[in-house]
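Asker: Pasting in a structure now, in structure tokens, and then I'll have a few things to ask.
The values are calculated or read from the model by the stated rules, or taken from the named source; none is laboratory data. What you see is a predicted model, and the numbers here were worked out from it, not measured in a lab. So basically every Cβ, Gly included, is an ideal-geometry build from the backbone, and we count neighbours across all protein chains shown. What goes into the accessible areas is simple: the full protein's heavy atoms, side chains included, and nothing from ligands, DNA or RNA. Shrake-Rupley method; radii C 1.70, N 1.55, O 1.52, S 1.80 Å.
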Amino acid sequence: MKYSFKNDYSEGAHTRILESLMRTNLVQEPGYGEDSLSMEARDLLLRKFDGRDVDIHFTSGGTQTNLVSISSILRPYESVIAPASGHIAMHEAGAIESTGHKINTVDTADGKLRVQDIKAVVDAHDDEHMVTPRVVFVSDSTEVGSVYSKRELAELSAFCKANGLYLYLDGARLGSALTSAQNDLSLADIAELVDMFYIGGTKNGALLGEAVIISNDALKEDFRIHMKQKGALLAKGRVLGIQFLELFKDDLFFELARHANRMAMKLAEGIKNRGYEFLTEPVSNQIFPIFPDPLIEKLRENYGFYVWDKVGTERSAIRLVTSWATLEDAVDEFIVDLG
């Protein structure tokens, strides 16, 4: 059987989560996220925000979270600015567009937006004959594995506040970003700098689930109604809450993310030592080495991964993703098989 480096959700869930689900299985609880387990998980998460007044909601998956969150912000004639590689632009089957909102995409080599990128879009949409950009979408880590620094996010935040824009952060892989050696952000920093974001559990040890954090008071009202309308308000909300309770009870969330990053960095080091280059600098649990096409075909015999992009005529960049459960032996074997 091939060992998969395709994604960070091939495995089920950390055993502590499964054990907790079993232990509380027959305890009767209220529905729709108002159970004691979800309440306790919210209280636990609130401690990560240094007293900031944030609202916390639990949803089931990243695409659903982006759909509910972004559509809850936008008026019918408003749009969202995103990198061309951003998840909402590339891998969500037009979920945002299905709610009637345009995505203004920006080409960027490293997956990150900068002030000049946003300003160019805003300046180009200057009258009532066009959509009005209102939300700026960023991911941390990005779709190509890069991470934002506090300075970079602060610059985006300042520009958005000065220009009447909302800053939204997709945190599907936020655990990997926050435990990257390149990171200098905390959860509290992010809550201060962005209007809304989510903490991804699906890709970091949970069976499923994301935690939506709303920092801007103007966006808090009626969010649960938006969740209900978009099918995100689960009757058995306890299933989501209990997972975040376990993940943040003693910072298991960060421990799992560190493991994923360590495995990725070990892969990257082994690849670099064999003289290969990367599409983007490896800093998180997604790395993009560039290999000759014949080597890629050979590696495919034993490993699962995605070919990301052609580089010239005889080489391609592949994506290797490590997870909270990646086996170090599999990493070692991959490096050996490079020859």
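This table checks each residue for (1) crowded, with 16+ Cβ neighbours inside 10 Å; (2) over 30 Å from GLY164 (Cβ atoms); (3) touching a helix residue (DSSP H, G or I) at 6+ places or on another chain (Cβ under 7 Å); (4) among the basic types (Lys, Arg).
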residue: ILE225; (1), (2), (3), (4): no, no, no, no
residue: GLN229; (1), (2), (3), (4): no, no, no, no
residue: GLY241; (1), (2), (3), (4): yes, yes, yes, no
residue: VAL283; (1), (2), (3), (4): yes, yes, no, no
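Asker: Further question: Determine, yes or no, whether LYS119 is open to solvent by 60 Å² or more (accessible area, probe 1.4 Å), touching a residue at least 24 places away in the same chain (Cβ under 8 Å), under 18 Å from the mean Cα position of the chain (by Cα) and over 26 Å from LYS230 (Cβ atoms). Full working, then the answer.
Answerer: Working: open to solvent by 60 Å² or more (accessible area, probe 1.4 Å): yes; touching a residue at least 24 places away in the same chain (Cβ under 8 Å): yes; under 18 Å from the mean Cα position of the chain (by Cα): no; over 26 Å from LYS230 (Cβ atoms): yes.
Considered against the rule, which asks whether it is open to solvent by 60 Å² or more (accessible area, probe 1.4 Å), touching a residue at least 24 places away in the same chain (Cβ under 8 Å), under 18 Å from the mean Cα position of the chain (by Cα) and over 26 Å from LYS230 (Cβ atoms), LYS119 comes out as no.
Asker: What's the number of the only condition in (1) open to solvent by 10 Å² or more (accessible area, probe 1.4 Å); (2) among the hydrophobic types (A, V, I, L, M, F, W, C); (3) touching a strand residue (DSSP E or B) at 6+ places or on another chain (Cβ under 7 Å) that VAL194 fails to meet?
Answerer: The single condition VAL194 does not satisfy is (1).
Asker: Okay, next question. Output the residues belonging to segment 64-84 that are open to solvent by less than 50 Å² (accessible area, probe 1.4 Å) and either without any contact (Cβ under 8 Å) to a residue 40 or more places away in the chain or assigned to a strand (DSSP E or B) (or both).
Answerer: Here is the first cut: in segment 64-84, the residues open to solvent by less than 50 Å² (accessible area, probe 1.4 Å) are 64-74, 78-84.
Of everything in segment 64-84, those that are open to solvent by less than 50 Å² (accessible area, probe 1.4 Å) and either without any contact (Cβ under 8 Å) to a residue 40 or more places away in the chain or assigned to a strand (DSSP E or B) (or both) turn out to be GLU78, SER79, VAL80, ILE81, ALA82, PRO83, ALA84.
Asker: Within segment 140-159, identify whether any single residue is free of Cβ contacts under 8 Å to residues at least 60 places away in the same chain, open to solvent by 20 Å² or more (accessible area, probe 1.4 Å) and among the acidic types (Asp, Glu), and answer yes or no.
Answerer: So the first thing to find is which residues in segment 140-159 are free of Cβ contacts under 8 Å to residues at least 60 places away in the same chain, and the list is 140, 142, 148-159.
Filter again for open to solvent by 20 Å² or more (accessible area, probe 1.4 Å), leaving 149-152, 154-155, 158-159.
Checking the rest, the ones that are also among the acidic types (Asp, Glu) come to 152, 155.
There is at least one residue in segment 140-159 that is free of Cβ contacts under 8 Å to residues at least 60 places away in the same chain, open to solvent by 20 Å² or more (accessible area, probe 1.4 Å) and among the acidic types (Asp, Glu).
Asker: Shifting gears a bit: Quick check on segment 41-55. Is at least one of its residues touching a Ser or Thr at 6+ places or on another chain (Cβ under 8 Å) and open to solvent by less than 10 Å² (accessible area, probe 1.4 Å)?
Answerer: No: segment 41-55 contains no residue that is touching a Ser or Thr at 6+ places or on another chain (Cβ under 8 Å) and open to solvent by less than 10 Å² (accessible area, probe 1.4 Å).
Asker: Then there is this: Among ALA260, ALA325, which is the only one that is open to solvent by 10 Å² or more (accessible area, probe 1.4 Å), in contact (Cβ under 8 Å) with a residue 40 or more places away in the chain and among the aliphatic types (A, V, I, L, M)? Show your work before the answer.
Answerer: On the way: ALA260 fails: open to solvent by 10 Å² or more (accessible area, probe 1.4 Å).
The match here is ALA325.
Asker: Let me ask something else. For a quick check of your reading of the model, give me the residue pairs whose first member lies in segment 1-15 and is of a type in the set (Lys, Arg), whose second is at pLDDT 95 or above and open to solvent by 60 Å² or more (accessible area, probe 1.4 Å), with beta-carbon atoms closer than 9 Å and at least 6 apart or on different chains.
Answerer: Pairs that qualify, where the first residue is of a type in the set (Lys, Arg) and the partner is at pLDDT 95 or above and open to solvent by 60 Å² or more (accessible area, probe 1.4 Å), are LYS2/ARG300; LYS2/GLU301; LYS2/ASN302; LYS6/TYR306.
Asker: Under the condition of being open to solvent by less than 70 Å² (accessible area, probe 1.4 Å) and in a helix (DSSP H, G or I), which residue from segment 10-40 is nearest to GLN243 (Cα to Cα)?
Answerer: Selected residue: ILE17.
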